[in-house]
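J.: Have a look at this one before I ask anything.
The values are calculated or read from the model by the stated rules, or taken from the named source; none is laboratory data. Quick caveat, the model's predicted, so the values are computed rather than measured. All Cβ positions, glycine included, derive from the backbone under ideal geometry; neighbour counts span all protein chains shown. Protein only, heavy atoms only, side chains kept; ligands, DNA and RNA dropped before computing areas. Shrake-Rupley method; radii C 1.70, N 1.55, O 1.52, S 1.80 Å.
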Amino acid sequence: MVPLSWYVALSSLLFLIGLVGVLIRRNIVIVLLCIEIMLNAVNINFVAFSKYQHVIDAQIFVFFVITVAAAEVAIGLGIIIALFRLKETINIDEFNILKL
Amino acid sequence: MQLAMFSYFGSAILISALFVLYFRNPIYSAMSLLAMFMHIAGLYVILEAEFLAGVQLLVYAGAILVLYLFVVMLLNVESRGRFIQRQTPIVVGVGILAVVEISLLILRTRFYPELPPIPHPGVETLGNTETIGMVLYTQYLFPFEIASLVLLIALVGAIVLAKGKLKFR
């Protein structure tokens, strides 16, 4: 039987990889992919606790997280297409028109 | 046996997640993310969440990733320039803080080796999918409806955003 702490460690490492990816990459598509990694890390945590605590509710929450992730991807990719039409680039550093 | 499965899936998840960061070409990153989604589905199977493993494969690997690939091929930008973006000191500080905090969280927390089984009468006799269906359509019916509303708004919003200049009136 794998201890629960290993799942928590795996999920926090995965969350950390996603967070570092959001911070260091400048391609906006890859930043969105790293947000997916972070959502999946949270899902692993939910499912592991659902198994070890014998409650099914956590798996329902994973279902809702997947729903929100699908909505987020649709909106995010729409925003990326609109930004690309505006600036002809997907580099995050170029999108600074809100800067003072 | 379960330990071997966990080590395989866990290391594959971490390695493919690192490859998502490493590749310069967004298509390679998306393919690496596909490998990560599949191994996470395997992890769900050994955690006895078969329904979520299927949903993970269908929704993430089937729908979301195909959407990413469509957009990457639609934009058709060659990836060039610096790999690491220029950082302000605040971002570097926040990143280091997060790394230190999560590693402290892993190292210092004393977990129970295995939690005592909590008896949950009435649901253990059914399978995973049946249990999820029963709970989802009774106890979580209202959030389920809200989720459908979220998807509808995302559908309309994605069309409006991607269509460009709309003529109102």
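J.: Is it the case that A:Q53 is open to solvent by 30 Å² or more (accessible area, probe 1.4 Å), over 10 Å from the mean Cα position of the chain (by Cα), more than 29 Å from B:V71 (Cβ to Cβ) and within 7 Å of chain B (Cβ to nearest Cβ)? Reasoning before the result, please.
T.: On the way: open to solvent by 30 Å² or more (accessible area, probe 1.4 Å): yes; over 10 Å from the mean Cα position of the chain (by Cα): yes; more than 29 Å from B:V71 (Cβ to Cβ): yes; within 7 Å of chain B (Cβ to nearest Cβ): yes.
Judged against the criteria, A:Q53 is a match.
J.: Could you tell me how many of the residues in the range B:8-30 are within 14 Å of the chain's Cα centre (by Cα), at the interface with chain A (Cβ under 9 Å from one of its Cβ atoms) and free of Cβ contacts under 8 Å to residues at least 24 places away in the same chain?
T.: 3
J.: Just to be sure, is B:V45 of a type in the set (A, V, I, L, M), in contact with a helix residue (DSSP H, G or I) (Cβ under 6 Å, 6 or more places away or on another chain), open to solvent by 60 Å² or more (accessible area, probe 1.4 Å) and over 19 Å from A:V31 (Cβ atoms)?
T.: Details: of a type in the set (A, V, I, L, M): yes; in contact with a helix residue (DSSP H, G or I) (Cβ under 6 Å, 6 or more places away or on another chain): yes; open to solvent by 60 Å² or more (accessible area, probe 1.4 Å): yes; over 19 Å from A:V31 (Cβ atoms): yes.
It is true that B:V45 is of a type in the set (A, V, I, L, M), in contact with a helix residue (DSSP H, G or I) (Cβ under 6 Å, 6 or more places away or on another chain), open to solvent by 60 Å² or more (accessible area, probe 1.4 Å) and over 19 Å from A:V31 (Cβ atoms).
J.: Which of the residues spanning the range A:19-33 are facing chain B (nearest Cβ under 7 Å) and outside any loop (DSSP other than H, G, I, E, B)?
T.: A:L19, A:V20, A:G21, A:L23, A:I24, A:N27, A:V29, A:I30, A:L33
J.: Quickly run through the range A:56-88 and pick out the residues that are more than 7 Å from chain B (Cβ to nearest Cβ) and not in a helix (DSSP H, G or I).
T.: A:E88
J.: Now, a different point. Does any residue in the range A:38-66 that is among the basic types (K, R) come within less than 7 Å, Cβ to Cβ, of a residue that is surrounded by fewer than 19 Cβ atoms within 10 Å (Cβ to Cβ) six or more places away or on a different chain, and which pairs are these?
T.: Partner pairs satisfying both residue conditions: A:K51/B:E48.
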